[in-house]
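Please read the structure below before turning to the comments.
The values are calculated or read from the model by the stated rules, or taken from the named source; none is laboratory data. In this text the structure is predicted, and so the values were computed from the model without any measurement. Ideal geometry is used to build each Cβ from the backbone, glycine not excepted, and the neighbour counts take in all protein chains shown.
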């Protein structure tokens, strides 16, 4: 597991998500789940966006940032299977949200999917 909060922003020139995870299909699946939650969380807000987009954003936020309960346990389990520490993912998500550079980070994530 990695402690680096930027581990998930791997340079996109490294290859596909499957290659980045050492061709481990199970790890790829769980990293993909985390990346999708991060994409949902960082999706830019637009006027007149569908209600479902805000729901996904809110659900992703709750899933990543809950610190107790079943939601937290599910998040931590997925992180364990993905080979990353939950605190690293939370720190990364916080940094993305607070940086104001959501579009740039989002592009990096999209290319990994």
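Scanning the range 27-48 for residues that are assigned to a helix (DSSP H, G or I) and either in contact with a strand residue (DSSP E or B) (Cβ under 8 Å, 6 or more places away or on another chain) or surrounded by fewer than 10 Cβ atoms within 10 Å (Cβ to Cβ) (or both) yields a total of 2. Within the range 49-69, residues that are in a loop (DSSP other than H, G, I, E, B) have Cβ atoms under 6 Å from residues that are at pLDDT 90 or above in no pair, counting only partners at least 6 apart in sequence or on another chain. When you check residue 79 against the structure, is it on the phi < 0 side of the Ramachandran plot and modelled with pLDDT under 85, yes or no? For residue 79, the condition - on the phi < 0 side of the Ramachandran plot and modelled with pLDDT under 85 - is not met. Filtered by the rule that a residue be at pLDDT below 90 and exposed (fewer than 15 other Cβ atoms within 10 Å of the Cβ), the range 49-72 gives 49, 67, 68, 69, 70.
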